[in-house]
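The values are calculated or read from the model by the stated rules, or taken from the named source; none is laboratory data. Model, not experiment: these values are computed from the prediction. No Cβ is skipped: glycine too gets one built from the backbone with ideal geometry, and neighbour counts run over all protein chains shown.
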Amino acid sequence: MLRFHYRTRAYSPGNGDNMSIVGFNINKIDVLKSEMSYANIQVANNINIKELLPANFNLGQAKQNGLKLLFEFSTVYGNNLAHIKLDGNVLLMASAENAKKILNDWNKSKRIDQKLLSVLINHINIRCSVQAVTLAKDVSLPSPIEIKPLVLSTKQSAPVEKAAKPAKVTEKKPAAKKKK
């Protein structure tokens, strides 16, 4: 069972051990724009996993095992009329056994477990897409992701009903004490 919560960025491979995304870094930004018209142009986004490396984290006195995933996020406009490239890494904290297993699978076949890969790719996509939109705006390129405009309805909304009258509240007087 895959468990992933974006707020905590935790992933469980199903063996009771949790892994967490503990860091995200962009190390290189490359934006290139030619002097062409960008009306009705195809925009393609791509994420390329470059390498998976072992990583160790020092958290206070404790040493934690983990992984460092190197990636390249790229947005290409048309036939190389413009591009946005972001190189970076994602830091993943994992147990020694899980880190070793994932690293061995990567070294053998350059593949990552599909569920873990889905979590990592989505995290990279969310973080880099926001950055790519900002960079595209800065150099006057179209947005690399489609942002659909909101369409307001022309229908009249139903009139607001009057609130019901509040019920009458009466206070109960305490019962008089009986004299003996």
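Computed quantities for the displayed model
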{"quantity": "Yes/no for N46 being more than 17 Å from V119 (Cβ to Cβ) and either without any contact (Cβ under 8 Å) to a residue 24 or more places away in the chain or in a loop (DSSP other than H, G, I, E, B) (or both)", "calculated": "no"}
{"quantity": "Single match in I124, I112 (criterion: surrounded by 11 or more Cβ atoms within 10 Å (Cβ to Cβ) and in contact with an Asp or Glu (Cβ under 8 Å, 6 or more places away or on another chain))", "calculated": "I112"}
{"quantity": "Residues that are buried (at least 16 other Cβ atoms within 10 Å of the Cβ) and either closer than 14 Å to F24 by Cα or among the charged types (D, E, K, R) (or both), drawn from the range 93-109", "calculated": "M93"}
{"quantity": "Residue match in the range 97-117 (condition: of a type in the set (G, A, S) and either touching a strand residue (DSSP E or B) at 6+ places or on another chain (Cβ under 7 Å) or modelled with pLDDT of 90 or more (or both))", "calculated": "yes"}
{"quantity": "Selection status of S143, part of a helix (DSSP H, G or I), closer than 23 Å to I29 by Cβ and in contact with a strand residue (DSSP E or B) (Cβ under 9 Å, 6 or more places away or on another chain)", "calculated": "no"}
{"quantity": "Residue that is nearest to the chain's Cα centre (by Cα) [pool: residues in the range 77-92 that are crowded, with 16+ Cβ neighbours inside 10 Å and at pLDDT below 90]", "calculated": "G78"}
{"quantity": "Some residue of the range 35-49 being surrounded by fewer than 17 Cβ atoms within 10 Å (Cβ to Cβ), of a type in the set (D, E, K, R) and closer than 24 Å to E146 by Cα", "calculated": "yes"}
{"quantity": "Subset of the range 82-132 that is of a type in the set (V, I, T) and part of a strand (DSSP E or B) - its residue that is farthest from G23 (Cα to Cα)", "calculated": "I84"}
